[in-house]
Structures are given as C-alpha cells and as structure tokens.
Amino acid sequence: MDELETMAACLGAALKARGWWLVTAESCTGGWVGQVVTSVPGSSQWYDRGFITYTNVSKQEMLGVAAETLAHHGAVSEATVREMAEGALARSRADVGVAISGIAGPGGATPGKPVGTVCMAWTTRSGACEVRTFHFAGDRAAVRRQAVAAALEGVLALASAPASA
C-alpha cells in the first residue's frame, strides 16, 4: 500500500466512525482522489460520488459554479473551488466535500498563477468551509500527487475535528 492509499484508509476509518459520506469535485487531479479512496476495501460505506469537472462548462453544468465567478476569478481560484465544493455537496448525499482546481503544468501558467498553483476547498453539511491555495513544486505528476495528498489531509482534518465542526 503506498502513502496515498494509507492516507485514504485512515480517512475512510475516520469518516466511517463519524458516519459521514465523502464527495469529491476534481479538476486538475482528474479523478485521482476518487481513485485513491475507492482503492480502499469497503469505501462504498463512506464514499458517495465524485465529479470530474475539467472544463469551465462542466464546472457550471455539473456543480453550479457561476459564470461570473469563473470570469472574474478564473477556474484556479479560491472562489471557484468554494463553489465547486458547495455544488458537489448540494448534488450528493455526502456530509463532507473536497474540491480541487489547479495548474499542474507544464503549460497553463498565467501571471500570478504559476505552474503548481492549486486551490482547494473543504466543506461540510454543517457549514464548515476551509479554502486554501497551495504552490506545489515539481513536474505535472508531482504537482498532482501533492494535490491528492493535501486533499485527503484536509478531509481527514474535518472528519477528525470535534463533532461541532
């Protein structure tokens, strides 16, 4: 079992203990978080579904991200991932959601958003929301792998928080 699968197994145990279901909304990771969590035996007891929304149109159609948000902030922004995470929760039966959008490279960088820029949001049904921008180093595979790890860590933090979160 590699590091990501170990993290996913720990996450699954925490979600199952809490009685929570997970939903994922992924762009630059292309479903890798969903793949890692479903590699854990029994994940059907805590993983509801995943959305892979690689284009702006899919973010709008599948997750309800506002065209204005994308036009004003771009796909790789804290505003967009917040709407992605909220949309994923609204379109699922999950209790906690994570959304990821970033620039894995080698191209796609823009002024102020270099390769390795990845935005994430974690939300819960109870209204908790954390949004964060990361700047990962390395090639495309390294950026994506670090994004998957950070996504899992963020969900685990929420699932392990006191019950009021």
Computed label-point distance, nm, for sites Arg93 and Glu78 using a 7 Å Cα→Cβ extension: 3.4 nm
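When a/c is below 1.5 the answer is rounded, else prolate if a/b is larger than b/c, else oblate, so apply that to the range 1-150 with a ≥ b ≥ c taken from the square roots of the Cα gyration tensor eigenvalues.
Details: a/c = 2.06, a/b = 1.28, b/c = 1.62.
Oblate shape, in that a/c is at least 1.5 and b/c is the bigger or equal ratio.
Given 0.36 nm per residue, what is the gain on full extension from Ala71 to Thr110 after removing their alpha carbon distance, in nm? If you can, show how the numbers build up before the last one.
On the way: separation 39, 0.36 × 39 = 14.04 nm, distance 1.44 nm.
Using 0.36 nm per residue and subtracting the Cα-Cα distance, I get 12.6 nm.
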Helix-only [θ]222 nm of the chain, DSSP H runs n ≥ 4, -39500 (n - 2.57) each, per residue, nearest 500: -13500 deg cm²/dmol
Which residue, Val98, Val40, Val118, tops the fluctuation ranking in a GNM of the chain built on C-alpha contacts under 10 Å? Val40
For Ala25, what residues show an amide H to amide H distance below 5 Å, using hydrogens built from the backbone and excluding near sequence neighbours? Phe51, Val98, Ala99, Ile100
Using Cα pairs under 8 angstrom and six or more residues apart, how large is the relative contact order of the chain, in percent? 24 percent
Just to check I understand the Karplus step: with θ = phi - 60° and J = 6.51 cos²θ - 1.76 cosθ + 1.60, what whole-Hz values come out for the range 145-155, glycine and proline as x? 5, 5, 5, 4, 4, 5, 4, 4, 4, x, 5
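Can you give the extra length, in nm with one decimal, that the chain gains between Ala161 and Ser44 once fully stretched, where that is 0.36 nm per residue apart less the Cα-Cα distance?
On the way: separation 117, 0.36 × 117 = 42.12 nm, distance 2.23 nm.
Difference between extended and current length: 39.9 nm.
What FRET efficiency do you get for Ser58 and Ala141 if R0 is 22 Å and r is their Cβ-Cβ distance, rounded to the nearest 0.05?
0.45
Give me the percent of DSSP beta bridges within the chain that run antiparallel, rounded to the nearest 5.
Numbers: 15 of 25 bridges.
If we restrict to bridges inside the chain, about 60 percent are antiparallel.
Read-outs: derived from the displayed coordinates by stated rules, not from any lab. Computed from a predicted structure; not experimentally measured. Glycine gets a Cβ as well: all are built from the backbone with ideal geometry, and neighbour counts include every protein chain shown.
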